[in-house]
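The values are calculated or read from the model by the stated rules, or taken from the named source; none is laboratory data. All figures in this text were calculated on a predicted structure; none of them were measured in a lab. Glycine gets a Cβ as well: all are built from the backbone with ideal geometry, and neighbour counts include every protein chain shown. Just the protein is used for accessible areas: all its heavy atoms, side chains included, with ligands, DNA and RNA removed. Shrake-Rupley method; radii C 1.70, N 1.55, O 1.52, S 1.80 Å.
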Amino acid sequence: MARILIIDDDELICDMLSRMVRRMGHEAEHAVTLREGLNKAYSGIFDVVFLDVHMPDGNGLEEIPSFRESPSHPEVIIITGAGDADGAELAIKSGAWDYIQKGAASIRELALPLTRVLDYLKEKRGKKPPVSLTRTGIIGESRPIRDALDLVSQAADSLANVLITGETGTGKELFARAIHENSPRKDRSLVVVDCTALPETLVEGILFGHAKGAYTGADRTQEGLIKQADDGTLFLDEIGELPMSVQKTFLRVLQEHRFRPVGGQKEEESDFRLVAATNRNLDKMAKQGLFRQDLLFRLRALTIELPPLREHPEDIPELAMYHMAKLCQRYGEGTKGFSPEFMDSLAAYDWPGNVRELVNTLSRALAAARDEPTLFRTHLPPEIRIQVARRSFGNDTAKPREALETPPLPAAFPRWKDAREAWLNKLERRYLKELLTHTQGDIQTACEISGLKRSRLYQLLNKHELAARG
């Protein structure tokens, strides 16, 4: 028996859907506002959510991620009285199972997608648990990272082309390596190609290889990178930089897995698996004629979008400890500790350069600390300390001293993990309370100021039992 949550401001619709669900042998609850629905989703266990679009306190389409990220991760079926193509596109992109117009749908047509999604969930839960992934260098247990790793697991079990997207510094090459290391090709080569470093005049020779005498300076036959990836994985990093002159040729290689070296007489074969990555908007580039649309279709059989660090700040302490240990080992330094204020500053900064910027910052802090065993806020680069300090004055109201203090350590000295969580929770709660005060509880304004997605903000508010207007 499944549990279904119905969210619609029309009591008649709620009653009708509730009776349908119960006749199918399942349990039903309903809510008439988004806020009430989110509270129920985050405090209960539900398999499926029926969600209306136009609600008194907001747009249901915008809250699909919030419901999907609630503790039971329910599937979402959008029901709307006034459907449109743009709404359907947004719903699907946001992870909705289906998009249905209420007026045009009979009870049977509303019951069918519910039956299908429950069949899907039953099969999904009946699968054997996946084998633990090899995830070298991928640090974090937040929901965004776990979601990305779920897609890595799917990609590793497939031969489909993979496109990894994300801002600079989010770890796209690490995820590409994870796909390779968890795939049946893990014992073969992973060939990494930085497309930003390919000279346009030599790119074909580098990728496809060349015969002796093919051009000036080609004094011997050279095997190309595509051939080197035979039976392994070819990783094209920053594929958005691949010259247009090469894209058509590479499209054929991707389709046929055959190519002719520059100046060669015969075609060669290479059974490579392609993983590509970019920090650019390839859809926009394709519309502008800067990237081939047909190549883009081929690239993204499976897409993994990596989250920026500001969307999973709960991973910062673990990332900092992991990378600091590596830096200390590399430079022959003794183990460094972190003061609570140092960790608070890392958590409060928005990291536009993502994990790469965090690692560089830790390296600079290590150099500033020299032989000192503990890193303090003063060891951070000035630009980070200034931004964190400026943020603390976003609200002019005076802050009581006790609000700025970290939790006292108990008599029995705690494990670092426990102390870290206590400090981070204190910082999170303080920030959220001040954010709600500053925005008078308005979620949209709070998202704009904090840079958090609505779904992530709702998660944090529920975690700390704080209320907002919606």
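Leaving out same-chain residues fewer than 8 places away, which aspartates and glutamates sit with a Cα under 15 Å from that of Lys336?
Partners found: Glu318, Asp371, Glu372.
How large is the translational diffusion coefficient of the range 133-285 in µm² per second when you combine the Kirkwood radius over alpha carbon pairs with Stokes-Einstein at 4 °C and 1.567 mPa s?
It comes out at roughly 79 µm²/s.
Using all C-alpha to C-alpha distances in the range 100-193, build P(r) with 10 Å bins and read off the rounded percent in each one.
13, 35, 23, 18, 10, 1
Could you compute the FRET efficiency for Glu267 and Ile107, with r as their C-beta to C-beta distance and R0 at 60 Å, rounded to 0.05?
0.50
Using the alpha carbons of the range 212-365, what is the convex hull volume per residue in cubic angstrom, as a whole number?
187 Å³
Which three lengths, in whole Å and largest first, does the range 5-70 cover when its Cα atoms are put on their principal axes?
30, 23, 15
About the Cα centre, and with charges only on the beta carbon of Lys, Arg (+1) and Asp, Glu (-1), how big is the dipole of the range 144-276? Nearest 20 debye, please.
With Lys and Arg at +1 and Asp and Glu at -1, about 320 debye.
Accessible area, 1.4 Å probe, largest first: how do Tyr99, Tyr331 sort?
In descending accessible area the options line up as Tyr331, Tyr99.
Nearest 500 deg cm²/dmol is fine: what mean residue ellipticity at 222 nm does the chain get from its DSSP H runs of n ≥ 4 alone, each adding -39,500 (n - 2.57), divided by its residue count?
-13500 deg cm²/dmol
State which entries of Lys124/Lys326; Lys284/Lys433; Lys124/Lys453; Lys124/Lys227; Lys172/Lys287 exceed 31 angstrom in Cα-Cα distance in the structure shown.
Table pairs above 31 Å Cα-Cα are Lys124/Lys326; Lys284/Lys433; Lys124/Lys227.
Report the accessible area of Leu302, computed with a 1.4 Å probe over the heavy atoms of all protein chains in place, in Å² rounded to the nearest 10.
Its accessible surface works out to 30 Å², give or take rounding.
Amide H to amide H, which residues 5 or more places from Ile304 or on other chains are under 5 Å from it, using H placed in the peptide plane?
For Ile304, whose amide H was placed from the backbone, the distant partners under 5 Å are Leu163, Ile164, Thr165.
What's the center-to-center distance, using Cα atoms, between the range 13-48 and the range 294-322 in Å?
One Cα centre to the other: 33 Å.
Sequence-distant or interchain residues sharing an amide H contact under 5 Å with Trp97, placed H: which?
Val76, Ile77, Ile78
As an exercise, identify the chymotrypsin sites (Phe, Trp or Tyr not before Pro) in the range 250-313 lying in DSSP coil whose Cβ has no more than 12 other Cβ atoms within 10 Å.
Qualifying residues, ordered by number: none.
Could you give the length gained by full extension between Phe393 and Lys93, i.e. 0.36 nm per residue of separation minus their alpha carbon distance, to one decimal place?
104.3 nm
Please identify the GluC sites (Glu not before Pro) of the range 262-343 that satisfy two criteria: DSSP loop assignment and at most 14 other Cβ atoms within 10 Å. Which are they?
Of the GluC sites (Glu not before Pro), the ones in loops of the range 262-343 whose Cβ has at most 14 other Cβ atoms within 10 Å are Glu267.
Please report, largest first and rounded to whole Å, the three semi-axes of the ellipsoid equivalent to the range 1-111, where each semi-axis is the square root of five times an eigenvalue of the C-alpha gyration tensor.
18, 17, 13
Can you give the Rg to Rh ratio of the chain, both from alpha-carbon atoms, with Rh computed by the Kirkwood formula?
Computed over Cα atoms, the ratio is 1.02.
Which one of Gly81, Leu112, Ala229 has its Cα pushed farthest toward the positive end of the charge dipole of the chain, where Lys and Arg give +1 and Asp and Glu give -1 at the Cβ?
The listed residue farthest towards the positive side: Ala229.
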